[in-house]
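Presented below is the structure to which this report refers.
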Amino acid sequence: MNYHLPCKADKGFNRILSIGQAEMELTGFGLLKLAAGEKFSTTTGALEIALVILGGRCAVRGADFDFPEVGKRKDVFSGLPYTVYLPAGTQYEIVATTEVEIAVSESPTTKRGGQATLIGPDKVKSLSIGRDNFMRQALIMLDDKFPSEHFFIGEALVPSGNWASFPPHRHEFDNLPAEVDMEEIYFFRFNPKGGFGVQKIYTDSRDIDVAYTVQENDTVAIPRGYHPVVNAPGYTMYYLWVMTGNTRGFINFKDPAHSWIK
């Protein structure tokens, strides 16, 4: 099974992960790139959708909502994100004000109705996680308090040479309060471009035990297992993380072999 999904990042919509691919039952993902003045129109159908503006500005409109100013940062290293949540059954249009890049996350949902919501930088929660050479910044845009059925979404910024998702953790089983069952993807960028990292995924039984070199616009699907990642020296690593589950929470289980590291 291949969990490493590179993307050419062409103009228009780039499908990266389809629901059901790579053991991911609740997660679809793609990258949308539009030039200034271009439009993209579609419907969410039976999916809930989260649009994370990676860089640039746009308007997002539908029958009963109009967000004329979405996005401010030049790129993922230049400020806090704007996110638009769209419930199932929503027809919507994106109009690029400038060149814009948007991460499109999808999840099948049984919920109908709901309200399109703009989550601006003022609603983003910022956390510093870890210490020493496994310290990183986490930005949380959409958490378990938000009225989504499956999403828990944030961003991570990892300094030069540092580790993230460390000590290694998993969220594979519903076993509250110790652990929740959530799939996850990581979508990577680096500053300056040309950087790379190494993403590992492994389970207790080692039926998954892989390591991938991750570069610009790569995505890694993490259906289960522990998933530490390390950044090359000299670069800042960014990754968008999208978790989906029937039970949501920022709750994980540490690999017992490394849980002594606090």
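The values are calculated or read from the model by the stated rules, or taken from the named source; none is laboratory data. Small disclaimer: the values here were computed from a predicted structure and weren't measured. FYI the Cβ positions are ideal-geometry reconstructions off the backbone, even for glycines, and counts take in every protein chain you see.
Annotations for the structure displayed:
- For the range 237-257, the set of residues classified as part of a loop (DSSP other than H, G, I, E, B) and either of a type in the set (Asp, Glu) or buried (at least 24 other Cβ atoms within 10 Å of the Cβ) (or both) consists of Asp255 only.
- Those residues of the range 95-111 which are in a strand (DSSP E or B), hydroxyl-bearing (Ser, Thr, Tyr) and closer than 19 Å to Gly62 by Cα, in sequence order: Ser105
- Lone qualifier among Gly161, Gly195 - being more than 29 Å from Pro108 (Cα to Cα), part of a loop (DSSP other than H, G, I, E, B) and either in contact with a helix residue (DSSP H, G or I) (Cβ under 7 Å, 6 or more places away or on another chain) or of a type in the set (Lys, Arg) (or both): Gly161
- Checking each residue in the range 112-136 for being assigned to a strand (DSSP E or B) and either surrounded by fewer than 18 Cβ atoms within 10 Å (Cβ to Cβ) or out of contact with any strand residue (DSSP E or B) (no Cβ under 9 Å at 6 or more places or on another chain) (or both) picks out Leu118, Lys125, Ser126, Leu127, Ser128, Ile129.
- Flag for Tyr92 being among the hydroxyl-bearing types (Ser, Thr, Tyr), more than 25 Å from Phe188 (Cβ to Cβ) and either more than 19 Å from the chain's Cα centre (by Cα) or not in a loop (DSSP other than H, G, I, E, B) (or both): yes
- Among the residues of the range 149-200, the ones that are touching a strand residue (DSSP E or B) at 6+ places or on another chain (Cβ under 6 Å) and of a type in the set (S, T, N, Q) come to 4 in all.
- Every pair of residues 6+ apart whose Cβ atoms lie under 9 Å, when the first sits in the range 105-132 and is within 15 Å of His150 (Cβ to Cβ) and modelled with pLDDT of 95 or more while the second is part of a helix (DSSP H, G or I) and aromatic (Phe, Trp, Tyr): none
- When Val210 is tested against (1) exposed (fewer than 14 other Cβ atoms within 10 Å of the Cβ); (2) over 19 Å from the mean Cα position of the chain (by Cα); (3) not charged (D, E, K, R), only condition (1) is not met.
- Residues (touching a residue at least 60 places away in the same chain (Cβ under 8 Å) and surrounded by 21 or more Cβ atoms within 10 Å (Cβ to Cβ)) located in the range 51-103: Val52, Leu54, Val76, Pro81, Thr83, Tyr85, Ile94, Ala96, Val100, Glu101, Ile102, Ala103
- Selection from the range 173-192 of residues that are assigned to a loop (DSSP other than H, G, I, E, B) and either without any contact (Cβ under 8 Å) to a residue 60 or more places away in the chain or buried (at least 21 other Cβ atoms within 10 Å of the Cβ) (or both): Val180, Met182, Pro192
- The residue pairs whose first member lies in the range 231-257 and is within 24 Å of Asn133 (Cβ to Cβ) and touching a residue at least 24 places away in the same chain (Cβ under 8 Å), whose second member is of a type in the set (Ser, Thr, Tyr) and part of a strand (DSSP E or B), and whose beta carbons are closer than 6 Å, counting only pairs six or more residues apart or on different chains, are Tyr239/Tyr186; Trp241/Tyr186; Asp255/Tyr226.
- Pairing residues of the range 25-47 that are under 20 Å from Phe152 (Cβ atoms) with residues that are loosely packed, with under 14 Cβ neighbours inside 10 Å and of a type in the set (D, E, K, R), at Cβ distances under 8 Å and at least 6 apart in sequence or on separate chains, gives Gly30/Arg15.
- Subset of the range 137-158 [assigned to a loop (DSSP other than H, G, I, E, B) and touching a Phe, Trp or Tyr at 6+ places or on another chain (Cβ under 9 Å)]: Asp143, Asp144, Phe146, Pro147, Ser148
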